[in-house]
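To keep things clear, I will list the structure first and then write my remarks on it.
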Amino acid sequence: MKERFMTLLTALAALALVIFLFSPPRSQQKPVSLPTSEDRGPDGLKGLYSWLGREGLAVVSFRKRFTDLRTERGLPEQGNVLIVSMPAPTEIRGTEWSALSSWLDQGNTLIVLGAVYQHPAWVAAGDCFCDIQEFLSWYDWTLEAETDKSQAAAADVEAGKTLRGTIEALQAGVKEAVPQPNQLLAQSGHPLLQGVRTLDTQTRADLLKQPWTLSAGGKHSLALRLLGLAEGNLASAWQLNAGSGRIVLLLTPDLFSNSRLGRADNARFIGNLLDQSLAPDGRLLFDDYHFGLSELYDPEHFFKDERLHNTLACLGIFWLLYLIGYTTRLAPVRPPIIQLSSRDFIQVTAEFFARRLTKAVLAEALVKHLLADIHHRRRLRDEAEVWHWLAQHGRVTGEQLRLLKKALNGQRISLFRLSNTITYIRTVTL
């Protein structure tokens, strides 16, 4: 028992050491909410995904690259809508942009949620809007930010005159970098904006100082201005033609997020977009691949899978049970060498006969063995003379003789009583 207890302690210590060495360090930072169909955080799209699914729309978490759009099973050729958040942490390859352009030319719609006037936590510091700018240039559209360099330079000179001015400028810069609630106003009477007056969003004051403009480079390029910021009337959403398809470009990324979908007319606006763009048999796709959700092998997500952890836990428990329940010796146990005696032989023989013989046969054999011993020791002529000699013996009672005769006749008797009687007769007669 002590040996198994020590085995359990050492096994638990070894298991704890393995977990300590191989488990990744826990991050103290709060997990970043991502614009995916599974994220329930403030920037996730789980609310939109679930709501539209309950409304009967065919919603799909698209976990492949854009090159698989045209070969995806169950996806109609046209009448589909793809929701994409930009900029994505996973690089979008050039072949993907080409495949996306071909997919749009079939008569599909792309909704771009651009992090332009607000930078959520999922936007890296070095990210830019370069890819979507280049993609729009394929359709003769130019999207660029306007900067007032003279005003910025004058502000820097004025703030640098005194220490107090420098501190105030820094405080103002920090305040401007904090997202503040803002509203978007409908800019036209287009059916896309039917019943839509204001949309709730968040913007950063420092980013609003660099307004973005969209200009056409061709005669056939058509754009409809949909939304504008309440402050400054800056354009923040357009609908563009893209071959036989359409692009809805939004410069605020949180209009349909979990934290904003139920506010103002945000839900009505996405409903109008889908009514105008999604065919009855079309699919609403959420681009989850470029935010880490992939159908392909991903080692990072593989090791984060809860099923892997449960499997390893079961193996660890089985290992502990094996150690406790099985011998811990490396060599097989050698049985001790036992010196057999005559007593052991008699015991084994008696146990053998006890298992093989019935009580009646055993009782008869004991009585016959007693009679044979008396016949030999007292030199009597036959068995009848032995019975006569026992009857004449003063220390042997009639009841004892009747018990011996019952045993010879095969009647049911107590072997324990018979054995005691035979032992007594042997003592007084032999």
Residues that are of a type outside the set (A, V, I, L, M, F, W, C) and assigned to a loop (DSSP other than H, G, I, E, B), drawn from region 43-59
Asp43, Gly44, Glu55, Gly56
Failed condition for Ala58, given (1) modelled with pLDDT of 90 or more; (2) surrounded by fewer than 16 Cβ atoms within 10 Å (Cβ to Cβ); (3) hydrophobic (A, V, I, L, M, F, W, C):
(2)
Of all residues in region 249-269, count the ones that are buried (at least 22 other Cβ atoms within 10 Å of the Cβ) and either part of a loop (DSSP other than H, G, I, E, B) or touching a helix residue (DSSP H, G or I) at 6+ places or on another chain (Cβ under 7 Å) (or both).
8
Looking only at region 293-313, how many residues end up being at pLDDT below 80 and either in a helix (DSSP H, G or I) or not hydrophobic (A, V, I, L, M, F, W, C) (or both)?
13
Across region 322-344, what is the total count of residues that are surrounded by 10 or more Cβ atoms within 10 Å (Cβ to Cβ) and either among the aliphatic types (A, V, I, L, M) or at pLDDT 70 or above (or both)?
4
Tabulated pairs, region 256-277, first over 30 Å from Glu77 (Cβ atoms) and assigned by TED's automatic domain parsing to the domain that holds Pro76, second of a type in the set (D, E, K, R) and in a helix (DSSP H, G or I), C-beta under 7 angstrom, 6+ apart or interchain:
Asn258/Lys46
Would region 84-107 turn up any residue that is among the polar types (S, T, N, Q), on the phi < 0 side of the Ramachandran plot, surrounded by fewer than 19 Cβ atoms within 10 Å (Cβ to Cβ) and under 21 Å from the mean Cα position of the chain (by Cα)?
no
For the condition in contact with a strand residue (DSSP E or B) (Cβ under 7 Å, 6 or more places away or on another chain) and either at pLDDT 80 or above or not hydrophobic (A, V, I, L, M, F, W, C) (or both), what is the one hit in Asp200, Asp148, Asp156?
Asp200
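The values are calculated or read from the model by the stated rules, or taken from the named source; none is laboratory data. What you see is a predicted model; the values in this text were computed from it and never measured. Note that we place each Cβ from the backbone using ideal geometry, even for glycine, and neighbour counts take in every protein chain shown.
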